[in-house]
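So the structure is just underneath, and the comments pick up after that.
Each reported figure results from applying straightforward, stated rules to the coordinates on display, with no laboratory input. Note that the structure is a prediction, hence the values are computed from the model and not measured. Note that we place each Cβ from the backbone using ideal geometry, even for glycine, and neighbour counts take in every protein chain shown.
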Amino acid sequence: SNGSVAVSLPPPADPSNPRDGEKSAWYSRANHDERMRRVVDRARRGCTKKLLYKRIPVLTWLPQYNLSVAASDLVAGFTVGLTVIPQAIAYANYGLYSSFMACFVYTIFGSCKDSPVGPTAIAAILTRENLHGLGPEFAVLMCFLCGCVVMLMGILQLGFLIDFISGPVSVGFTSAAAIIIATTQIKDLLGLSFPGSKFLDVWEQLFEHISETRLWDTLLGFACMAILLLLRKAKDIPVGPADTNKRTTLQKVLGQMLWLISTGRNILVVVVCAVMAYTFKLHDVEPFLLTGYVKPGLPPFQPPPFTATVGNTTYSFLDMTSSLGSALFVVPLLAILENVALAKVFSDGRAIDATQEMLAIGACNILSSFVSSMPVSGALSRGAVNHASGVATTFGGIYTGILVILSLYLFTPYFAYIPKASLAAVIVAAVVFMVEFHVVKPMWRTKSEPDCNFCSGFRSFMELDLIPAIATFLSCLFIRLELGIVIGIGINILFLLYASARPSVHVEKVTSSSGCEYLLITPDRSLVFPSVEYVRNLVTKAGMKEGSSCTPVVIDSRHIQGADFTAAKGIKSLIEDFVKRNQPILFYNLKPSVVEVFQGVQPKEFKHCHNEAELNELLKGSEFRGIASAFAWRNSDTIKGKPPQTNPKPDLPVIGSPVYCESDTLDHSTTE
């Protein structure tokens with residue numbers, strides 16, 4: 001009867017019947033073959049040359065690699081190597097072990113040529129906070145597990161999780177981490193020795209042991225810091241004309257020398273201090289605290305430890321994992337955040353594949369754990385050096401890794417003469433620029449000043465970007481770094497939920513081209529379960545207070561892009577409330593998808609229109625004529641005998657003074 005074609009299906013197979021059993025086996029084999037064919041087709045579609053080049057980026061540029069590109073990578077790689085060696089020694093005893101394997105791996109899988117993967121200040125302080133008092137085996141296992149977590153995130157394409165870490169949260173975390181890192185180095189700058197790594201503990205211990213300050217360590221530390229900060233500006237000294245083409249050969253050479261000295265300032269200061277300490281040692285004078293013995297040679301290539309013994313306690317794999325706690329999730333997230341942020345800074349407008357960066361950083365950490373590495377990521381400071389050095393491809397990391405390996409083979413015995421104060425100065429001079437005070441004013445300016453009205457003022461307060469930044473900063477300083485960033489993300493999500501639950505609702509009286517006056521209510525966003533009850537109350541109160549119960553209410557839904565079941569139930573209750581008091585309500589500009597959601601709960605008297613002509617027809621229809629006349633009579637009686645205002649332009653409605661409703665209390669003082 002409905003035009004469909006009837007298809008006769010075979011009766012179900014009877015297993016007791018031999019023929020039916022053969023049919024069942026044939027159908028089973030056919031279904032299995034069909035499933036296998038689909039799996040093979042899906043795998044064949046996934047394993048394409050394009051995907052292979054996307055997941056192994058080295059294949060895209062290696063065929064075109066030439067001598068000029070290799071020269072650029074060579075200069076950049078060795079320059080970054082001169083920067084990473086003193087930083088790695090300062091970050092951790094195993095810092096150099098973390099500085100070569102990741103360089104090789106990222107060359108193959110990395111997509112950002114400017115990202116030098118290795119130990120970072122943030123990774124070092126997070127490792128220190130979570131492993132204080134435990135052995136280095138825990139740091140190596142953390143590197144392996146962090147790599148596994150990041151790799152899994154990349155396989156599952158969870159790059160969108162980075163979007164939940166907003167700029168203010170990142171600023172608060174980075175600034176707090178920089179201050180904590182600098183605080184932990186103060187004792188080495190002053191030649192002190194005491195336990196404690198937390199912010200308040202270090203300052204408490206510092207004031208208790210301030211009388212034990214060593215004069216020569218203090219002088220050396222602050223002198224190194226001043227020299228490093230001055231050399232940082234050496235590259236900005238103008239040499240000759242601003243146009244490089246007009247400079248003489250001598251001026252160009254001098255400019256390159258200043259740039260090289262500025263870029264390699266860390267290694268220069270550390271080498272000079274080590275030579276000084278070695279000279280004093282030859283004369284049996286030890287004015288400085290030295291780094292001490294560093295194990296020479298490369299670390300053995302072996303799997304990360306899954307058991308460890310610290311003192312008289314033996315830790316199993318589960319014990320070690322539980323000891324790491326939340327760091328197993330926070331450290332990978334921050335590693336990705338650091339590297340993606342670095343890639344965006346030097347992307348030159350290119351799109352960044354967060355999934356590929358996750359896979360690359362995951363592989364770097366997993367393989368680095370086989371050479372006793374701590375967690376690694378891209379370092380922004382070395383990325384700037386890499387970019388300024390003119391790196392052309394990720395092959396620059398190969399030269400950096402080779403330089404680190406040579407230093408481990410040849411220069412490890414001399415690392416023992418490096419004064420601790422000089423290494424502390426290197427770290428402080430590097431992290432002091434991570435404190436982003438300069439973004440406070442722009443963050444304050446991005447939001448308007450709070451309104452004097454309580455609800456509007458609270459909304460403005462909730463929109464201030466400074467709130468999550470300050471909360472993250474203070475939580476990281478006084479609680480823990482990983483908890484601080486979780487608190488910041490939680491506050492950001494709370495702000496998002498509040499914004500979703502408290503939309504702005506625009507209320508105004510409008511006269512249609514046919515002379516019918518009605519109340520136009522416009523929500524500014526989609527209706528979802530946190531906001532539907534709030535919007536329902538606003539619409540109900542606006543309909544009751546703005547005029548009479550006979551005034552038609554039109555909800556302009558042009559901003560409602562979606563709705564859910566709870567919103568549909570709320571709209572159904574709203575319509576029922578209006579029907580009970582005989583007040584018309586219409587929905588205007590509803591999306592078809594939203595109409596389907598609303599109709600799914602089968603509301604009664606649900607009327608909607610898609611254009612102004614349909615709206616005018618409904619407003620001047622038979623069921624609204626009496627209402628409009630009664631309203632016009634009352635309006636003329638109350639407004640000094642004047643008839644309702646009509647629209648001089650028949651195609652456009654006349655709009656009265658708008659009222660912006662942002663709370664349960666409506667302001668009608670400006671409504672005509």
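Can you tell me the order of 414-424, 286-296 when each peptide is scored by its average per-residue count of other Cβ atoms within 10 angstrom, highest first?
By packing density, highest mean first, the sequence is 414-424, 286-296.
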Amide H within-cut-off set for Leu527, under 5 Å, with H built and near neighbours excluded: Gln561, Gly562
Phi to ³J(HN,Hα) by Karplus 6.51 cos²θ - 1.76 cosθ + 1.60 over the range 209-223, Hz, x for Gly, Pro: 10, 4, 6, 8, 4, 8, 4, 5, 5, 5, 4, 5, x, 6, 5
Amide hydrogen neighbours beyond the local backbone of Thr551, cut-off 5 Å, H modeled: none
Net +/- balance of residues flanking Leu333 in space, Cβ distance below 14 Å, scoring K and R +1, D and E -1: -4
Alpha-carbon centroid distance for the pair the range 541-614 / the range 185-219, whole angstrom: 68
Ordering of 575-585, 482-492, 219-229 by burial proxy (mean other Cβ atoms within 10 Å per residue, highest first): 482-492, 219-229, 575-585
Neighbourhood net charge (12 Å Cβ-Cβ; Lys/Arg +1, Asp/Glu -1) for Leu324: -4
Cβ-derived FRET efficiency at R0 51 Å, Leu494 paired with His209, nearest 0.05: 0.75
21 Å Cα-Cα reach of Lys246 towards lysines, excluding residues that sit fewer than 8 places from it in its own chain: Lys235
Gain in span if fully extended, Leu282 to Lys235, counting 0.36 nm per residue against the direct Cα distance: 13.4 nm
Kirkwood Rh in Å, taken over the range 250-374 so that all alpha-carbon pairs contribute: 19.9
Highest-first arrangement of 512-522, 532-542, where packing means the average Cβ count within 10 Å: 512-522, 532-542
Flagged links, alpha-carbon separation over 18 Å, of Lys509/Lys604; Lys509/Lys545; Lys572/Lys620: Lys509/Lys604; Lys572/Lys620
Neighbour net charge for Leu220 - beta-carbon separation under 10 angstrom, K R +1, D E -1: +1
Histogram of C-alpha separations across the range 61-433, 20 Å bin width, %: 28, 59, 13, 0
Unsatisfied cross-links (Cα-Cα over 20 Å) in the set Lys233/Lys344; Lys187/Lys281; Lys580/Lys607: Lys233/Lys344; Lys187/Lys281
